[in-house]
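The block underneath contains the structure these notes are about, expressed in structure tokens.
The values are calculated or read from the model by the stated rules, or taken from the named source; none is laboratory data. Since this is a predicted model, take the numbers as computed values, not measurements. For neighbour counting, all protein chains shown are included, and Cβ atoms are generated from backbone atoms with ideal geometry for every residue, glycine included. Note: accessible area is taken over every heavy atom of the protein model, side chains too, but ligands, DNA and RNA are not part of it. Shrake-Rupley method; radii C 1.70, N 1.55, O 1.52, S 1.80 Å.
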Amino acid sequence: MARDILLEMKGIVKNFPGVRALKGVDFSVARGEVHALMGENGAGKSTLIKALTGIYTKDEGTIRFDGREINPRSTLEAQKEGISTIYQELNLSPFQTVYENMFLGREPRNSFGMVDRKTMIQESLRILGELGIHVDVTKPLLSYGTAVQQMVAIARAVSVDAKLVIMDEPTSSLDTKEVEVLFGVIRKLKAKGIAVIFISHRLDEIFEICEHVTILKDGALAGEMRVADIDQLQLISYMIGGEAKQLERTKGDYELQSAPEVARMTDIQQGMRLNGIGIDIKKGEVLGLAGLLGSGRSELAKVLFGAMQPDEGEVFWMDKQVHFKSPKDSIDLGIGFCTEDRKVEGIIPHLSVKENMTIALLPQISKMGVVSSKQQNKIVEEYIDRLKIKTPSPNQAIRNLSGGNQQKVLLARWLCMNPKLVIMDEPTRGIDVGAKAEIEALIQELAGQGISVLMISSELAELERNCDRVVVMREGRNLGELCGLEINQDAIMSIIASAGGELEKGGRLQ
Amino acid sequence: MNKAGKTREDTVALLKQYSAFILLAVMLLLNLIITPNFFKVGTLWNIITQTCTIILTGMGMTVVISTGGIDISVGSVMALAAVISAKSLETVGIVPAIFLGLLAAVIPGLIAGFMIGKMRLQAMVVTLGLMMGVRGAARLVNDAKIFYIDGPHASDYTVLGSARIAGVAPVQMIPILLGIFITWFILEKTILGRHIQAVGDNRKSAMLAGISATKTLMFVYIYSSVFAGLAGIVSAAKIGAADGNTLGNLAELDAIAAVAVGGTSMSGGRAKVFGTVVGALIMQLINITVNMNNIPYEFAQIFKAIIIVFAVYIQRDKAA
Ligand SMILES: Nc1ncnc2c1ncn2[C@@H]1O[C@H](COP(=O)(O)OP(=O)(O)OP(=O)(O)O)[C@@H](O)[C@H]1O
Ligand SMILES: [Mg+2]
């Protein structure tokens with residue numbers, strides 16, 4: 001069966017200072033096809049998309065779309081051609097309302113030529129409602145978490161008339177339920193003959209929703225095939241260019257009953273999100289927090305880290321009550337926190353990889369406020385090597401790294417501190433399979449050295465593989481706990497589901 | 001990574017990085033051709049004497065701007081420090097007089113730092129208020145008159161503006177080199193320097209990495225004020241008079257222009273110390289070129305405007 005080609009990119013070359021991001025890539029997508037674009041962190045996926053939609057000007061190559069050659073110079077121009085895009089790093093305006101964001105750059109006008117807010121609000125409510133998102137659309141976007149923001153970006157992209165919708169890691173901040181909603185949307189698009197380019201590091205998603213896959217490696221084409229013709233391991237080996245390991249649980253049953261306690265939180269109340277939850281973490285334990293979005297996991301982490309003050313409740317560190325006024329207090333005691341939203345709460349964009357990695361470590365490698373660059377360089381090189389961070393040099397500004405590589409730098413920021421407890425909110429978000437294995441191994445190694453890890457993840461398989469114990473949260477409460485071999489995805493899901501009806505009556509929207 | 005051969009992008013990046021230096025070189029070359037008597041040692045010493053103010057205030061301004069702020073009170077602070085030190089000279093002697101002048105400069109810095117760092121008010125508004133208030137204070141101290149430095153201690157003071165090191169180099173070399181070195185050292189070598197740039201680049205991330213934005217901002221506004229105070233004292237010493245009305249007028253604009261031409265982003269982040277130095281030299285070179293060629297001063301202003309826009313244009317970074 002011949003494919004009816006919608007998009008054909010040929011010989012695309014894109015160079016950045018010191019980096020050859022694309023070295024002549026061919027890429028084609030057929031009408032009504034869900035096409036996966038795969039590759040390791042820094043392989044050039046996002047760059048290829050940006051070269052297509054006019055964010056970057058390509059150095060060489062041609063793009064044919066819907067039968068003729070196009071050269072869009074901005075996202076808007078691409079949109080006029082019928083290409084709608086959700087970028088990896090959200091590019092919405094956080095201070096504007098949800099509905100304004102939905103219609104940014106294409107505001108409907110009323111008969112007086114004025115922006116028609118009423119229509120915008122109604123339409124936003126309808127489109128978001130179809131995606132199962134019920135929020136107050138007149139509130140600024142930043143009053144909602146990353147997941148809602150992501151859903152708004154998705155809603156915005158699919159609500160414009162397009163022939164091709166591009167999604168660069170749309171699922172990295174979504175939980176299982178929302179991923180299902182998104183897949184429903186993708187199937188509807190497909191049924192209408194609209195093509196979708198789908199980028200994700202979650203292999204099961206690729207196998208569930210995509211029919212074709214193109215694999216990039218180091219800026220070059222590494223393969224193109226039908227998804228039905230390969231399995232996960234084959235796909236991985238195309239990506240990393242070698243043998244692939246399957247990720248597996250390495251832990252046995254729970255053995256930390258008698259280990260000393262590192263941190264404990266009791267009856268924590270905070271705003272609308274935390275309603276009396278308590279947890280405790282043992283030395284060397286990997287404790288997972290599971291729950292749907294809005295269940296208060298990130299808020300709990302922020303309270304523990306001192307980035308948010310609890311309204312009520314107590315926090316203990318090594319059996320002593322503590323009141324962290326700011327993150328500095330908790331960092332001084334040996335706590336680290338790798339946040340969920342790397343763009344807003346993680347990277348310091350114009351500073352280098354080196355500076356970003358060591359920013360919290362500096363007091364430990366300084367004398368009288370003067371940084372020892374020898375120690376700094378040694379640590380930075382060690383972690384670049386270890387986490388396989390792809391950067392032309394440690395002095396590259398972190399904003400020029402690919403999303404996954406930025407994430408690795410942020411993880412390294414806390415790992416290099418020799419912490420006693422590391423909180424990781426979606427640690428493997430946007431990280432490729434190979435690096436994921438490396439990071440999971442590192443987490444286990446840390447735990448083996450007696451470091452405790454509090455791990456928040458929307459990917460239940462990740463919790464299953466890594467945790468000694470998992471606390472399931474919903475609406476800021478502790479729903480239940482699973483230990484050792486009890487931990488598996490189904491058990492977690494059923495705990496979440498079981499309490500569903502009863503708590504929903506509380507009527508609290510996330 | 002792929003190091004084989006340079007691409008066009010590499011060259012562009014390199015040109016961008018050194019654009020301010022290239023601009024300076026081009027202007028020197030131009031002067032060599034068009035300006036009679038340009039390449040004389042005297043001209044060099046002249047440039048150094050005259051850029052002293054811009055460089056000193058520019059150092060403070062670089063630090064402030066890299067936190068994403070701005071300090072438009074520097075001109076007024078120059079006047080205040082000059083007037084206070086000049087007036088107290090006869091009663092307390094030279095060292096305490098300078099100390100008092102700098103102390104007077106610390107106060108507006110402290111106020112700005114507190115309001116911007118702690119109360120989170122906007123830097124532009126706070127320092128605009130200070131610009132007016134401090135100018136008023138300087139005029140009050142002086143009864144709105146020019147104060148000629150006079151009396152038995154006068155030469156202790158004026159020597160700070162007219163002495164020659166080893167009989168040739170202007171004394172201004174000392175504060176210039178010290179100012180550049182200290183600023184460079186803080187920004188590049190110390191924890192504080194990292195904190196300054198981190199707070200300016202992404203305040204939220206910085207705070208989550210354990211940085212106190214309040215303390216950092218307090219520091220930078222005091223730093224800027226002290227440098228402005230120093231610039232004020234050096235200028236008064238050069239002229240031999242302290243004028244609360246006019247000393248330092250529009251100095252803030254020169255400082256901001258030097259920072260902008262030097263490549264530090266107005267929205268904060270990476271601080272370019274040597275960029276600012278080059279920016280200050282370019283600004284001053286324009287004055288001198290115009291002067292030595294008998295071109296009306298108005299052209300210097302227009303020319304500066306063009307240079308600023310041009311420099312900011314080539315250094316702009318497209319959103320990633
Ligand atoms: N603006 C930029 N300046 C310099 N280098 C860049 C820039 N953008 C991307 N790069 C480099 O280009 C390469 C490809 O990056 P790209 O973002 O396309 O990777 P990716 O495949 O999307 O990775 P990820 O899975 O981590 O999102 C990387 O090595 C990255 O460091
Ligand atoms: Mg990417």
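Which of the aspartates and glutamates could a cross-linker span from A:LYS139 if the Cα-Cα distance has to be under 18 Å and same-chain partners fewer than 8 positions apart are dropped?
Reachable aspartates and glutamates: A:GLU100, A:GLU107, A:ASP116, A:GLU123.
Would you mind checking the pairs A:LYS390/B:LYS272; A:LYS328/B:LYS204; A:LYS10/A:LYS436 and listing those with alpha carbons more than 23 angstrom apart? Don't skip to the end; give the middle numbers.
Values: A:LYS390/B:LYS272 26 Å; A:LYS328/B:LYS204 13 Å; A:LYS10/A:LYS436 31 Å.
Over 23 Å Cα-Cα: A:LYS390/B:LYS272; A:LYS10/A:LYS436.
Compute a Gaussian network model of chain B, connecting alpha carbons closer than 10 Å, and tell me which residue from B:ILE146, B:ILE233, B:ILE282 fluctuates the most.
B:ILE146
Just add up the charged neighbours of A:THR339: K/R +1, D/E -1, any other residue whose Cβ is under 15 Å from the Cβ of A:THR339. Each step should come with its number before you reach the end.
Numbers: positive: A:ARG297, A:LYS302, A:ARG342, A:LYS343, A:LYS408, A:ARG413, A:ARG429, B:ARG203, B:LYS204; negative: A:GLU89, A:GLU299, A:GLU340, A:ASP341, A:GLU345, A:ASP425, A:GLU426.
After counting each charged neighbour, the total is +2.
Scan around B:PHE147 for amide H atoms under 5 Å from its own, H built in the peptide plane at 1.01 Å from N, and keep only partners 5 or more places away or cross-chain.
Hits under the 5 Å cutoff: B:ALA242, B:ASP243, B:GLY244.
Between A:PHE207 and A:LYS378, how high is the FRET efficiency from 1/(1 + (r/R0)^6) when r is the Cβ-Cβ distance and R₀ = 41 Å? Nearest 0.05. It would help to have the intermediate numbers written out before the result.
Numbers: r = 42 Å, r/R0 = 1.02.
After rounding to 0.05, the efficiency reads 0.45.
What full-extension length gain, to one decimal in nm, is calculated for A:SER237 and A:PHE316 as 0.36 nm per residue of separation minus the Cα-Cα distance?
Working: separation 79, 0.36 × 79 = 28.44 nm, distance 4.60 nm.
Full-extension gain reported as 23.8 nm.
What's the longest uninterrupted piece of chain B once you rule out the trypsin sites (Lys or Arg not before Pro) that are loop residues per DSSP with at most 16 other Cβ within 10 Å? Write out the running numbers ahead of the final one.
Working: sites that count: B:LYS3, B:LYS6, B:LYS40, B:ARG120, B:LYS145, B:ARG316, B:LYS318.
That would be B:146-315.
What accessible area per residue, rounded to a whole number of Å², is obtained for the protein assembly as shown using a probe radius of 1.4 Å?
Numbers: 35260 Å² over 830 residues.
It amounts to 42 Å² per residue over the protein assembly as shown.
Taking the Cα centre as origin and putting +1 on Lys and Arg beta-carbons and -1 on Asp and Glu beta-carbons, what dipole magnitude results for chain A, to the nearest 20 debye?
On the way: 62 positive and 70 negative charges, 321 e Å.
Value, rounded to 20: 1540 debye.
What does the average come to when, for each residue of peptide B:189-195, you count the partner chain Cβ atoms lying within 10 Å of its Cβ? Write down the numbers at each step before the final one.
Working: counts 6, 6, 9, 4, 5, 9, 2.
Mean number of neighbouring Cβ atoms from other chains: 6.
Any idea what angle helix A:433-448 forms with the longest principal axis of chain A, computed on alpha-carbon atoms, 0 to 90 degrees, nearest 10?
0
Whats the longest run of chain A with zero GluC sites (Glu not before Pro) that are DSSP loop and have at most 11 other Cβ atoms within 10 Å? Walk me through the numbers before you get to the answer.
Details: sites that count: A:GLU243, A:GLU248.
It runs A:249-510.
Percent relative contact order of region A:5-240, based on C-alpha pairs within less than 8 angstrom and at least six residues apart?
Working: 435 pairs, mean separation 66.5, N = 236.
Relative contact order of region A:5-240: 28 percent.
Where both partners of a DSSP beta bridge lie in the protein assembly as shown, what percent of those bridges are antiparallel, to the nearest 5? Could you put the intermediate results ahead of the total?
On the way: 54 of 88 bridges.
DSSP beta bridges in the protein assembly as shown are roughly 60 percent antiparallel.
Given H placed 1.01 Å from N in the peptide plane, which residues other than close sequence neighbours of A:GLY18 have an amide H under 5 Å from its amide H?
Close amide H contacts, sequence-distant or interchain: B:THR7, B:ASP10.
Springs between alpha-carbon pairs under 10 angstrom, Gaussian network model over chain B: which of B:TYR148, B:TYR221, B:TYR157 fluctuates most?
It is B:TYR148.
Can you list the equivalent-ellipsoid semi-axes of region A:206-307, largest first and in whole Å, using the square root of 5 times each Cα gyration tensor eigenvalue?
Details: eigenvalues 343, 79, 32 Å².
Taking √(5λ) for each eigenvalue gives 41, 20, 13 Å, largest first.
Give the separation of the Cα centroids, region A:312-390 to region B:143-205, in Å.
Each part reduced to its Cα centre gives a spacing of 34 Å.
Checking the cross-link filter: which aspartates and glutamates have an alpha carbon closer than 18 Å to that of A:LYS58, excluding same-chain neighbours under 8 positions apart?
In chain and number order, the partners are A:GLU8, A:ASP26, A:GLU69, A:GLU77, A:GLU81, A:ASP218, B:GLU9, B:ASP10, B:ASP317.
Can you run phi through the Karplus equation (6.51, -1.76, 1.60; θ = phi - 60°) for region A:105-122 and list ³J(HN,Hα) in whole Hz, with x for Gly and Pro?
3J(HN,Hα) across region A:105-122, in whole Hz: x, 8, 5, x, 10, 8, 5, 8, x, 8, 4, 8, 5, 4, 4, 4, 5, 4.
Name the long-range amide H neighbours of A:MET38: under 5 Å, sequence gap of 5 or more, or other chain; modelled H, no Pro or chain starts.
HN-HN under 5 Å from A:MET38: A:THR214, A:ILE215, A:LEU216.
Shape verdict for chain B, please, from the Cα gyration tensor: rounded (a/c under 1.5), prolate (a/b greater than b/c) or oblate. Before the final figure, lay out the partial values.
Details: a/c = 1.93, a/b = 1.17, b/c = 1.65.
Oblate, because a/c is 1.5 or more while a/b does not exceed b/c.
Go through region A:141-155 residue by residue and turn each phi into a ³J(HN,Hα) via Karplus (6.51, -1.76, 1.60, θ = phi - 60°); whole Hz please, and just put x for glycine and proline.
4, 5, 6, 10, x, 4, 5, 4, 4, 4, 5, 5, 4, 5, 4
Can you tell which of B:SER205, B:SER66, B:SER76 shows the greatest fluctuation in a Gaussian network model of chain B with Cα springs below 10 Å?
Highest fluctuation among the options: B:SER205.
If you take every DSSP beta bridge whose two residues both sit in region A:5-240, what share of them, in percent to the nearest 5, is antiparallel? Don't skip to the answer; put the middle values down first.
Numbers: 24 of 41 bridges.
The antiparallel fraction comes to roughly 60 percent.
In whole Hz and in residue order, list the ³J(HN,Hα) couplings for region B:206-222 that follow from phi through the Karplus curve 6.51 cos²θ - 1.76 cosθ + 1.60, θ = phi - 60°; x for Gly and Pro.
Listing the rounded values in order: 4, 5, 6, 9, x, 8, 8, 5, 4, 4, 4, 5, 3, 4, 5, 6, 5 Hz.
What number, in percent, do you get for the relative contact order of chain A if the mean sequence gap of Cα pairs under 8 Å and at least 6 apart is divided by its residue count?
Working: 988 pairs, mean separation 82.5, N = 510.
Answer for chain A is 16 percent.
In whole angstrom, note down how far apart the Cα centers of region A:212-257 and region B:30-94 are.
62
Just tell me which aspartates and glutamates come within less than 12 Å, Cα to Cα, of A:LYS343; anything on the same chain fewer than 8 places away is out.
A:GLU89, B:ASP201
Between A:ALA228 and A:ARG106, what is the spin-label point distance in nm, taking each point 7 Å from the Cα along the Cα→C-beta axis?
3.3
Please give the total accessible area that chains A and B bury against each other, computed with a 1.4 Å probe and expressed in Å² to the nearest 100.
Summed over both sides, the interface buries about 3100 Å².
Run the accessible area of chain A with a 1.4 Å probe and give the carbon-and-sulfur part as a rounded percent. Intermediate values should be presented prior to the final figure.
Working: 10340 of 20850 Å².
It is 50 percent, rounded to a whole number.
For B:ARG164 and B:VAL95, what is the calculated FRET efficiency with R₀ set at 25 Å and r taken between the beta-carbons, to the nearest 0.05? Don't jump to the answer; show the numbers that get you there.
Values: r = 21 Å, r/R0 = 0.86.
In this case the efficiency is close to 0.70.
Over chain B, what is the relative contact order in percent, taking alpha-carbon pairs closer than 8 angstrom and at least six residues apart?
33
Over all pairs of distinct alpha carbons, what does the Kirkwood formula give as the hydrodynamic radius of the protein assembly as shown, in Å? Please report the intermediate quantities before stating the final value.
Values: mean 1/r = 0.0337 Å⁻¹.
One over the average 1/r among Cα pairs gives 29.7 Å for the protein assembly as shown.
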